[in-house]
1. List the residues, sorted by chain then number, that are 5 or more residues from Val77 or on another chain and whose placed amide H is less than 5 Å from its amide H.
2. Over segment 164-276, what percent of the accessible surface lies on carbon and sulfur atoms, probe 1.4 Å?
3. Based on the mean of other Cβ atoms within 10 Å per residue, sort peptides 200-211, 252-263 so the most packed one is first.
4. Within the accessible area of segment 58-99, what % is carbon and sulfur when the probe is 1.4 Å and the other protein chains stay in place?
5. Return P(r) of the chain (all Cα-Cα pairs; 20 Å bins starting at 0; whole %; ordered from short to long distances).
6. Give me the dipole magnitude in Debye, nearest 20, for the chain about the Cα centre, with unit charges on the beta carbon: positive for Lys and Arg, negative for Asp and Glu.
7. Based on alpha-carbon centroids, what's the gap between segment 148-185 and segment 245-316 in Å, whole number please?
8. Return the subset of Lys58/Lys227; Lys255/Lys275; Lys58/Lys255 for which the Cα-Cα distance in this structure is over 31 Å, preserving the input order.
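The values are calculated or read from the model by the stated rules, or taken from the named source; none is laboratory data. Since the model is a prediction, treat every value here as computed from it, not as a measurement. All Cβ positions, even for glycine, are placed from backbone atoms using ideal geometry, and neighbour counts span all protein chains on display. Side chains included, ligands, DNA and RNA excluded: accessible areas come from the protein's heavy atoms. Shrake-Rupley method; radii C 1.70, N 1.55, O 1.52, S 1.80 Å.
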Amino acid sequence: MRLSVAPDRNRCPPNIRVCAKSSRGARLEYDLELDRVRGQVESLGARRVLLQLPDGLKGLRWCVVDELEGCGVEVIVDGGHAWGVCDLALERARLLGADALIHYGHLDVKRPLKLGGVSVVMAPARYRWESPEAALERLADALAQFRVIALSSSVQHSDDLLLVARFLRERGHTVYIGRSPLPHFRVGQVVGCDVAAASSVSAHVDAHVCVSGGIFHAVGVAIATGKPTIALDPYRGVVERERVEGFVRRLLARKLRDLSEAAEARAFAVIVSAKPGQRRLDLALRAVSELRRAGRRAELVVLDEVTRDELLNLSGVDALVNTACPRLGLDDLELFEGLTVVNIGELKYIISDRLEEYDLRSALAWRMNPGFVSELASGGALRRPAGARR
Ligand code: SF4
């Protein structure tokens, strides 16, 4: 679940440039893999599909709509946010009687999956980086004091990792690229809540380079690894280290303030997400019982989109515990001005009242809904465990 924000704010993935409506055959900034997507839709025999794109890619919807309607497929465009793979519009696809959901921008899956009873086609929308030379030279300058480098990227740029790795090796660096254990994640791919591709190799490297728009993903890498982290932004051709590290410093100060306030709070609302990948009812229920055991009042509140207005409606609450997208409690804090929000991984400091032990990494200590991840891994062909009862 991500906060409803202005289009240029961080999201997962962030800061993707909009491409205007394009006629068929025109060269786009993104590879929409229309042949593959159309082939999968046809293989499913789908007559009606729901099309879901992240906010920054919605301008490309016409290309997909034209392609599919040209084959006699009815396309309904999902106008809501699509913050991550956690945010598949499965429920809306069911409500609309869609034969398939097409989801762009977060995962590269080579075959249709069956998730929550819905056939899902997923494509990454790879960015075509036409002229990387100047940005790579800036990167070489920024890395002058480091020898061993780890590379990671958002899915739009995962193809560019080999290009960057080759360049850095030619300049004498040793390069590592890790991989997340999450299903269908590409080598080096990170998302806002999972930077295992970077942290799994961090012990071997001097610094990290994260290839992505803006600093959203690089901030996650910097928090999780504690190592120098450079954001390489192919859209703007810029290389940023100070902005990443400055963001993390300010975040730490804000977090300590919020946690101090939450330690004094008497009444808590524990937010559980309705989104399939973010739904951590197990964590939320545990948080409620831990808070009550600690003598606090606690209630469980379900939300789909977490907005400031919805949170302000929860009158009588001193602090909120977020069990949804952990980046809500990191990147969107200024939108929560006047509200005290802590992530589920930070609750232990409030209950134990040991703020001096605070570690910013605990704000990211969260995993996607394990049931959703299992379904992603199996493609929906979940088998009943031996001995399980109906
Ligand atoms: S839960 Fe993870 S994948 Fe989903 S929007 Fe948040 S950071 Fe992105």
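1. Amide H neighbours of Val77, under 5 Å, 5+ apart: Leu51.
2. Numbers: 2110 of 4020 Å².
Whole-percent figure for carbon plus sulfur exposure: 53.
3. On the way: 200-211: 21.2, 252-263: 16.7.
Ranking, from highest mean packing down: 200-211, 252-263.
4. Numbers: 910 of 1690 Å².
Answer for segment 58-99 is 54 percent, counting heavy atoms of protein chains only.
5. 27, 56, 17, 0
6. Values: 55 positive and 50 negative charges, 231 e Å.
Charge dipole of the chain: 1100 debye, to the nearest 20.
7. Distance between centres, Cα-based: 35 Å.
8. On the way: Lys58/Lys227 35 Å; Lys255/Lys275 25 Å; Lys58/Lys255 33 Å.
Where the Cα-Cα span goes over 31 Å, the pairs concerned are Lys58/Lys227; Lys58/Lys255.
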